[in-house]
1. Just to verify a result, which residue in region 33-71, among those that are outside any loop (DSSP other than H, G, I, E, B) and over 17 Å from Ile12 (Cα atoms), is modelled with the lowest pLDDT?
2. Collect the residues in region 1-27 that are closer than 21 Å to Asn65 by Cα and hydrophobic (A, V, I, L, M, F, W, C), keeping them in residue-number order.
3. Out of region 1-23, which residues are surrounded by 11 or more Cβ atoms within 10 Å (Cβ to Cβ) and assigned to a loop (DSSP other than H, G, I, E, B)?
4. For the subset of region 37-52 comprising residues that are of a type outside the set (D, E, K, R) and surrounded by fewer than 13 Cβ atoms within 10 Å (Cβ to Cβ), which member is farthest from Asn65 (Cα to Cα)?
Amino acid sequence: METQKDFVNGLIVKKPRDNAPDFVKASISIKREALIAYLQGKNDEWLNVDVKESKKGSWYCEVNNWRPNQTQQVRQDINEQDKIQSDLNNFDQQPTNTKQDDNNSPF
């Protein structure tokens, strides 16, 4: 089942102008009042937006509402725990700076 598309009101994205340098990937215009009003209607801390291209070739911004399902979240949590454990194991194996025995010191 497809959810209703959520377009970001007040945020307009366009292809870079023809003579723009290669490092310019998009041109974004913001209509302040419209965007502020739109954002005030949102409750989440973050708003993820995808820049998409229509069939006619124009670009637009659509809210990305993807959320991991419970299985994906469990896998992600397990992977994070495995990484933490691996980091801890590697930390224990790191060589430490050992000072020479004072009895053998030439000073």
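The values are calculated or read from the model by the stated rules, or taken from the named source; none is laboratory data. Just so we're clear, the structure is a prediction, and the values are computed from it rather than from any experiment. We place every Cβ from the backbone using ideal geometry, glycine too, and count neighbours over all the protein chains shown.
1. Of the residues in region 33-71, the ones outside any loop (DSSP other than H, G, I, E, B) are 33-40, 49-53, 59-63, 70-71.
Right, trim to over 17 Å from Ile12 (Cα atoms) and you get 40, 70-71.
On the way: Gln40: 95, Gln70: 67, Thr71: 72.
Taking the candidates together, the pick is Gln70.
2. Residues of region 1-27 closer than 21 Å to Asn65 by Cα: 1-13.
Within region 1-27, Met1, Phe7, Val8, Leu11, Ile12, Val13 meet the criteria.
3. Let us first name the residues in region 1-23 that are surrounded by 11 or more Cβ atoms within 10 Å (Cβ to Cβ), namely 6-16, 20.
Asp6, Val8, Asn9, Gly10, Lys15, Pro16, Ala20, listed by residue number.
4. So the first thing to find is which residues in region 37-52 are of a type outside the set (D, E, K, R), and the list is 37-41, 43, 46-49, 51.
Those still in the list that are surrounded by fewer than 13 Cβ atoms within 10 Å (Cβ to Cβ) too: 37, 40-41, 43, 46, 48.
Values: Ala37: 19, Gln40: 17, Gly41: 15, Asn43: 13, Trp46: 10, Asn48: 7 Å.
Per the criteria, the residue is Ala37.
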